[in-house]
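Quick notes on the structure that follows.
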Amino acid sequence: MQKSPETEQLQVRVSPLQKLAIKKRAEKARMSMSEWILNKAFPSSQVAFQGLVDELAASEQRSYAMAELLELLAPISADEFETAVSELPEVQLDPYWKNYLAATVETAAAAKHAKIPSWTRDIAPLDEPVFGSSLESLRLHLLLNSPPAFVERNIFIDASVGDRV
């Protein structure tokens, strides 16, 4: 996600004590007050997640965009994960990729013992099953070994967050 130039101003009224607290926290983080406030309003992991979902929607090679998304989610803490995925992605994805993204987030949440964001519940599962391989001989394996969040969404794969095929 490309950083757009900051051309607008926003004035916020705070008490003298609140301003002092913000100033101290910003100094401790070695940031200006504006940088610190913007970082709290738009955490970097959340901005990165939204940017990668944007890439997923726009990419011809969605598997590469999904791999980058997995690389973002795998190492972060449960708290940072919850912040990163808390907002419904603003882009339009087709039903398959919507479900794949939701299942990925749900699987990562389960692995991290983190809260599942509410927006994933609003995505209806696929009507027809989709298998990660066209080989008939692998279907039983995929049916038995797919992560639960993917199964619930009618997607049968053999890899998830932290794994590679």
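A few points about this structure:
- Residues of the range 28-45 satisfying the condition of being part of a helix (DSSP H, G or I) and farther than 28 Å from Asp94 by Cα: Lys28, Met33, Ser34, Glu35, Trp36, Ile37, Leu38, Asn39, Lys40, Ala41
- Residue match in the range 46-63 (condition: assigned to a loop (DSSP other than H, G, I, E, B) and within 12 Å of the chain's Cα centre (by Cα)): no
- Filter result (open to solvent by 20 Å² or more (accessible area, probe 1.4 Å), part of a helix (DSSP H, G or I) and closer than 27 Å to Glu60 by Cα) within the range 94-114: Pro95, Tyr96, Trp97, Lys98, Tyr100, Glu106, Thr107
- One residue from Leu56, Leu72 being open to solvent by less than 30 Å² (accessible area, probe 1.4 Å) and of a type outside the set (D, E, K, R): Leu56
- Residue satisfying all of: in the range 115-143; over 30 Å from Ser44 (Cβ atoms) and open to solvent by less than 40 Å² (accessible area, probe 1.4 Å); modelled with the highest pLDDT among these: Leu126
- Sole residue being over 17 Å from Leu101 (Cβ atoms), in contact with a Lys or Arg (Cβ under 6 Å, 6 or more places away or on another chain) and not aromatic (Phe, Trp, Tyr), chosen from Ala41, Ala78, Ala26, Ala21: Ala78
- Selection count where residues are charged (D, E, K, R) and not in a helix (DSSP H, G or I), scope the range 64-92: 2
- Which listed residue is over 19 Å from Ala159 (Cβ atoms), touching a residue at least 12 places away in the same chain (Cβ under 8 Å), out of contact with any Pro (no Cβ under 6 Å at 6 or more places or on another chain) and surrounded by fewer than 17 Cβ atoms within 10 Å (Cβ to Cβ), from Glu87, Glu80: Glu87
- Total residues in the range 123-143 satisfying the condition of being outside any loop (DSSP other than H, G, I, E, B), closer than 16 Å to Asn99 by Cβ and touching a helix residue (DSSP H, G or I) at 6+ places or on another chain (Cβ under 9 Å): the figure is 2.
- Matching residues in the range 144-164 - criterion: being aromatic (Phe, Trp, Tyr) and assigned to a helix (DSSP H, G or I): Phe150
- Checking Leu142 against (1) free of Cβ contacts under 8 Å to residues at least 40 places away in the same chain; (2) within 15 Å of the chain's Cα centre (by Cα), the condition it does not meet: (2)
The values are calculated or read from the model by the stated rules, or taken from the named source; none is laboratory data. Source: prediction; values computed, not measured. So basically every Cβ, Gly included, is an ideal-geometry build from the backbone, and we count neighbours across all protein chains shown. Calculation scope for accessible area: heavy atoms of the full protein, side chains included, ligands and nucleic acids excluded. Shrake-Rupley method; radii C 1.70, N 1.55, O 1.52, S 1.80 Å.
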